[in-house]
Amino acid sequence: MSGILAAGTHRCNNVSAAVSAAVDAGVKWIDTAPNYARGMAEAPLRAVLVRHPSVGVSTKVGFVPVADRRAAINARVLFGEQSRRGHCLSRQYIAWQVDLSHARLGRAPDLVFVHNPENGASTREEVLRALTSAFEEMETAANTGLLHGYGVATWTGLSSGMFTVSDLVSLAQRVGGWRHHFHAVQTPLSLVHLGLVAETLRGGGPLQQAREAGIRVFTSAPLCGGDLLGMMTPELVHFIDPSATPAQAALRVALSAPGVSRVLLSASTAAHWADAVGAAAREPLPLEHLRRIIDVLGT
């Protein structure tokens, strides 16, 4: 199970040091976005990726970093309300951002996620229209070699029912045909976001839909940005795994969720990564134990 861990860069102050520690610990995937680390998360990854060409990397499009806003306006790919809102999924902005990310990373990303398409959308129809346009541009970028695949990273889109994994697969098939490049979804999963696991254990939900469609699932915020550690009482840790540290107990639940391909963790030090790798090295928690955890904590 150790290969499931991936390095997230959302909350990293020193991206280069954090991802270097992750890769040294054996992590094989890095996830980033142009708006992470105050708009400075992509460029520091280039040197790490040069040293470790077998490490996969994913980035995102959608949010407009403050550091890039003026350049996007000058390039005439960002206008009006999209600039003020700081989120844009127009084809011209996506094309511009993908090209910029490609240059900063020094190679084509393995995945580019459409980032929180539910942002600013008031209806399901509105978000699906935005995703149709975004998928069209992603297919164009994939066909020209600027990325290898794409996906959707969402905070509430799947849990709120704004869209489903099946919706996304159907949309990708309409836009790109049966050889489309839609390969993954990303969504939060933790001890305070257990709804996905509960649905899977009942035989449905996004994780089950993704598994049936051959779509990879990346889960984020397994420790809720570190806030979850303050909730890990000795009793809760013992209930999950008596031999685990608090961080390991929380991580083991996310790592054990059926159908998850990668668990994104933002950790900055070698010690934190050693703790995480220790959790990932263990066998997944039995499904019956996951059910008991959900019964105790709810969804």
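Out of the residues in segment 215-232 that are in contact with a Pro (Cβ under 8 Å, 6 or more places away or on another chain) and within 18 Å of G151 (Cα to Cα), which is surrounded by the most Cβ atoms within 10 Å (Cβ to Cβ)? Filtering first and then ranking leaves T219. Among the residues of segment 43-70, those identified as of a type in the set (G, A, S) and farther than 14 Å from A95 by Cβ are A43, A47, S54, G56, S58, A67. In segment 110-152, of all residues being of a type in the set (A, V, I, L, M) and more than 13 Å from L168 (Cβ to Cβ), the one that is surrounded by the fewest Cβ atoms within 10 Å (Cβ to Cβ) corresponds to L146. Against the definition (without any contact (Cβ under 8 Å) to a residue 60 or more places away in the chain, part of a helix (DSSP H, G or I), surrounded by fewer than 19 Cβ atoms within 10 Å (Cβ to Cβ) and of a type in the set (G, A, S)), how does A279 come out, yes or no? It is false that A279 is without any contact (Cβ under 8 Å) to a residue 60 or more places away in the chain, part of a helix (DSSP H, G or I), surrounded by fewer than 19 Cβ atoms within 10 Å (Cβ to Cβ) and of a type in the set (G, A, S).
Against the definition (within 22 Å of L147 (Cα to Cα) and either small (G, A, S) or in contact with a Cys (Cβ under 8 Å, 6 or more places away or on another chain) (or both)), how does A210 come out, yes or no? Judged against the criteria, A210 is a match.
The single condition from (1) in contact (Cβ under 8 Å) with a residue 60 or more places away in the chain; (2) within 14 Å of H181 (Cβ to Cβ); (3) in a helix (DSSP H, G or I); (4) not β-branched (V, I, T) that A142 fails is (1).
Can you find a residue that is within 30 Å of V112 (Cα to Cα) and assigned to a loop (DSSP other than H, G, I, E, B) anywhere in segment 285-299?
Yes: one or more hits.
Residue check: is A274 part of a helix (DSSP H, G or I), open to solvent by 10 Å² or more (accessible area, probe 1.4 Å) and not hydroxyl-bearing (S, T, Y)? The answer is yes for A274. Exactly one of these conditions fails for E212: (1) over 19 Å from K60 (Cβ atoms); (2) open to solvent by less than 50 Å² (accessible area, probe 1.4 Å); (3) of a type outside the set (S, T, Y). Give me its number. All conditions are met except number (2).
For the condition under 30 Å from D241 (Cβ atoms) and hydrophobic (A, V, I, L, M, F, W, C), what is the one hit in V175, V192? Before you say what the answer is, go through the steps one by one.
Details: V175 fails: under 30 Å from D241 (Cβ atoms).
Residue meeting the stated conditions: V192.
Here H193 passes the criteria (1) buried (at least 19 other Cβ atoms within 10 Å of the Cβ); (2) of a type outside the set (S, T, N, Q); (3) modelled with pLDDT of 95 or more except the one numbered (3).
Does any residue of segment 272-284 turn out to be acidic (D, E) and under 24 Å from I30 (Cα atoms)? Yes, some residue in segment 272-284 is acidic (D, E) and under 24 Å from I30 (Cα atoms). Considering the conditions (1) more than 17 Å from the chain's Cα centre (by Cα); (2) in a loop (DSSP other than H, G, I, E, B), H148 is excluded by exactly one of them, (1).
The values are calculated or read from the model by the stated rules, or taken from the named source; none is laboratory data. Keep in mind the model is a prediction, meaning the values are calculated, not measured. Cβ coordinates were reconstructed from backbone atoms using ideal geometry, including for glycine residues, and neighbour counts include every protein chain displayed. Side chains included, ligands, DNA and RNA excluded: accessible areas come from the protein's heavy atoms. Shrake-Rupley method; radii C 1.70, N 1.55, O 1.52, S 1.80 Å.
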